[in-house]
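Visitor: Sending over a structure as structure tokens; questions will come in a sec.
We did not get these values from a lab; they are worked out from the coordinates using the rules stated. Note that the structure is a prediction, hence the values are computed from the model and not measured. We place every Cβ from the backbone using ideal geometry, glycine too, and count neighbours over all the protein chains shown.
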Amino acid sequence: MAENEKKEINTRTLGGWLIAVQAFIILNAISWVGNLQVYYKLLGEKDVLIKDKPAADAGLLNTFVYFELAASLVFAFLCFVVFYFFYKRNRNFPLIMIIYLIAEVIVEAISYLLFAHLSNDPVLMLQKLAFSTVIAVIMIVYLKKSERVKQTFIF
């Protein structure tokens, strides 16, 4: 193949690295639904968790449970919205996905900054935040620079 020939991209199929984006959306949806289940269960048991804590930490722990429950509910719904736009090949998908990724990192950063001292392992929360940030940066760069993305999401 000559250097001046461009490789033809089949935009009728959602292939290439878009499969990784698809897998990310699906796994994120599963993760947020799992978080929703965990924090919904914790909602019923929060009084047991709070009774041994100092008053300031008890209030913050209560806030943490509601914050995580609300975030899980919102992001579980947003995963399905992003998934819908992905399969409709909507031209706004890259922008919606970028906003979703940035919002997810912001929520994890807020969670770390406000509630890390309540955790038994705050380093784990920091690692999760760092991992999410790296993944978000990689995906944003891909969504902005990829020719496949530019040619696929045109409707």
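Visitor: Where does each of 88-94, 114-120, 56-62 land if you order them by average Cβ count within 10 Å, highest first?
Guide: Final packing ranking: 88-94, 56-62, 114-120.
Visitor: Then there's this: Tell me the relative contact order for segment 50-133 as a rounded percent, counting alpha carbon contacts under 8 Å between residues six or more apart.
Guide: 27 percent
Visitor: Hey, another quick one. Let's test the formula: R0 of 30 Å, r as the Cβ-Cβ distance of residue 22 and residue 53. What FRET efficiency results, to the nearest 0.05?
Guide: It comes out at approximately 0.10.
Visitor: Something else: Pairs on different chains or at least eight residues apart, Cα atoms closer than 24 Å: how many lysine pairs in segment 33-134 fit?
Guide: Summing the qualifying lysine pairs gives 4.
Visitor: Sticking with this one: At residue 110 and residue 151, where each label point lies 7 Å from the Cα along Cα→Cβ, what is the point-to-point distance in nanometres?
Guide: In this crude label model, residue 110 to residue 151 measures out at 4.0 nm.
Visitor: Relative to the longest principal Cα axis of the chain, at what angle does helix 18-50 sit, 0 to 90 degrees, rounded to 10?
Guide: The angle comes out near 10 degrees.
Visitor: Under a 10 Å cutoff between Cα atoms, tell me which one of 104, 45, 68 has the largest fluctuation in the Gaussian network model of the chain.
Guide: Among 104, 45, 68, the largest mean-square fluctuation in the Gaussian network model of the chain belongs to 45.
Visitor: Which entry is the computed log10 I(q)/I(0) by the Debye sum over Cα atoms at q = 0.13, 0.18 Å⁻¹ for this structure: (i) -0.59, -1.18; (ii) -0.59, -1.05; (iii) -0.69, -1.08?
Guide: Among (i) -0.59, -1.18; (ii) -0.59, -1.05; (iii) -0.69, -1.08, the one calculated here is (iii).
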